[in-house]
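Here the structure comes first, spelled out in structure tokens, and everything after it is commentary.
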Amino acid sequence: MRSSRRVAFSGRTSPLRIRLCILALLALMGLPSLAVAQLTVKADRDLRFQVVIQGVAKYVPPNDPVYSGEFEFTAAIGNQVQLGFTLPNNLAGPAGATMPIAFGNNDAIAQGTGPTSVPVVFNPKGVSVFRLVTSNRILVFIGGTVTPAANQRTGAYTAPIVFTVTIL
Amino acid sequence: MTAPGLRLSILLVSASLVWTLRSAPAYAQGVMVAPHVVYMDHRTRSGSLTLYNPGNDPVEVSIETFFGYPVTDSTGGFELRTVEHPDSTMPSAAGWVQAYPRRMTVAPQQRQTVRLLGRPPANLADGEYWARLIVTAKGGQVPVTGLADSTGITVGLTLEVRTILPVLYRKGPVTTGVTVSGLRASVQGDSLVVRARMVRTGSAAFVGTVHGALVDVSGNVVARFSLPQAVYFDMEPRFTTSVAGLPRGQYRLRFEATSERQDLPSEVILPMAPVRDSIQVALP
């Protein structure tokens, strides 16, 4: 059998050429290829509190479909990844004004996109390790609480949240 | 293969790669990084990384290096141990692997190749040296939006992303292996929790796969796991597999570490004889 295959692929069409063409076709079909083993990390949606009122704390839960922060990463099935956030304690506002922001122990959710994936609530203040088992695309949501002072200066307040994905 | 045939095939592969990347849906800020593990060789002292911006806005990207490797904690969970100032006993390449460019702006739906260049000390001994690359991607400043009202206070937090991936630099002949000891298993809920101490041998990290199989008295495999695993020094990882619905009784757990990896090209895999161990397991 083996030798007959060699014969069939000899001559004008070499096995290497066949393999390369098959690889190209597989890639064109969108099938995974070792040549493009990759990791994608991106931020899909900023965490937004919109308008807040002086003296009134405002909480955006991580499962808020509109205002929670949303990240996404894609890696190979079986990969083990460590997720971590660099979180601010204060938001920077106009003329040096600041506003406290806090993140609770349940303010982050990781959600796989496989048919059997279940959401995992985790603490955004620590690092969490996940192994990709059934889904290679994971959505990560984050919420938080801002506490404007009664005499909070008006204006726009902001700060960055850094999401880090480490291949272990 | 003839040269024109080879060129045609390479062209097809390249075109398919571009097509695959371009066919990705439009995203917000972030980058796609390939490969997810970078191997460098002392003969060329170079490597490369491809970044792709799948979004509709430019992304500012910066690249830094540091030294770190995965370890396990007392529960078998994984974490990255970072060493800010590795001493001479640590196989760190963080100080002499450099990325070019280190800062760049990747236009929407465009690719950027980053060259990695090794500038090791002249007396570098044969072996494998490690570093970690931090790829930080930041979009343009997102305006804080909100409805205007009497308070006039609006709040929004911008998001940045970082990708940390390993770089392995090899000089001369390198070997790897792993020893397995202290294999044990316990039932927790509907899962079998497996722990084993794994110690790397040879001069390079063990990058392979761990297989576990639970076998009943008739020789049937009733549960299994197969997971990529890297051991840089030593660790005692925790593996789990579901045993829900399995009848009580005696089983045998077969544990095997092999050098195969589905997510890495075969030319970077260091061959190694499989390492096996097994124990009896009683399911209550």
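Bear in mind that the values in this text are calculations on the coordinates, not laboratory data. Owing to the predicted nature of the structure, the values given are computational and were not obtained by experimental measurement. Backbone-built Cβ (ideal geometry, glycine too); neighbour counts: all protein chains shown.
Worth a mention:
- Within a Gaussian network of chain B (alpha carbon springs, distance under 10 Å), most fluctuating of B:Tyr39, B:Tyr100, B:Tyr232: B:Tyr100
- Shielding by partners for peptide A:73-80, expressed as the average number of C-beta atoms from other protein chains within 10 Å of each residue's C-beta, is 5.
- Annotation: region B:176-283 has a Kirkwood hydrodynamic radius of 14.4 angstrom, from the mean reciprocal C-alpha pair distance.
- 18 Å Cα-Cα reach of B:Lys171 towards aspartates and glutamates, excluding residues that sit fewer than 8 places from it in its own chain: B:Asp41, B:Asp126, B:Glu128, B:Glu267
- Per-residue [θ]222 nm for chain B (sum of -39500 (n - 2.57) over DSSP H runs n ≥ 4, rounded to 500): -2500 deg cm²/dmol
- Region A:89-161-region B:187-255 distance, computed between alpha-carbon centres (Å): 34 Å
- The relative contact order of chain B, computed from alpha carbon pairs under 8 Å that lie at least 6 residues apart in sequence, is 16 percent.
- For residues of B:50-57, the mean tally of beta carbons on other chains within 10 Å: 1
- Antiparallel DSSP beta bridges within chain B, as percent of all bridges there, nearest 5: 95 percent
- Rg to Rh, two decimals, where chain B supplies the alpha carbon set and Rh follows Kirkwood: 1.06
- Anchor A:Lys42: lysines whose Cα lies under 17 Å away (excluding residues fewer than 8 positions away in-chain): B:Lys138
- Restricting region B:38-93 to trypsin sites (Lys or Arg not before Pro) that sit in a DSSP loop and have at most 12 other Cβ atoms within 10 Å of their own Cβ leaves B:Arg43.
- Alpha-carbon radius of gyration plus Dmax, which is the widest Cα pair, for region A:38-167 in Å: 15.9, 51
- Other protein chain C-beta atoms within 10 Å of residue C-beta, averaged over A:148-160: 4.
- The charge dipole of region B:176-283, taken about the Cα centre with unit charges on the Cβ atoms of Lys, Arg (+1) and Asp, Glu (-1), comes to about 320 debye, rounded to the nearest 20.
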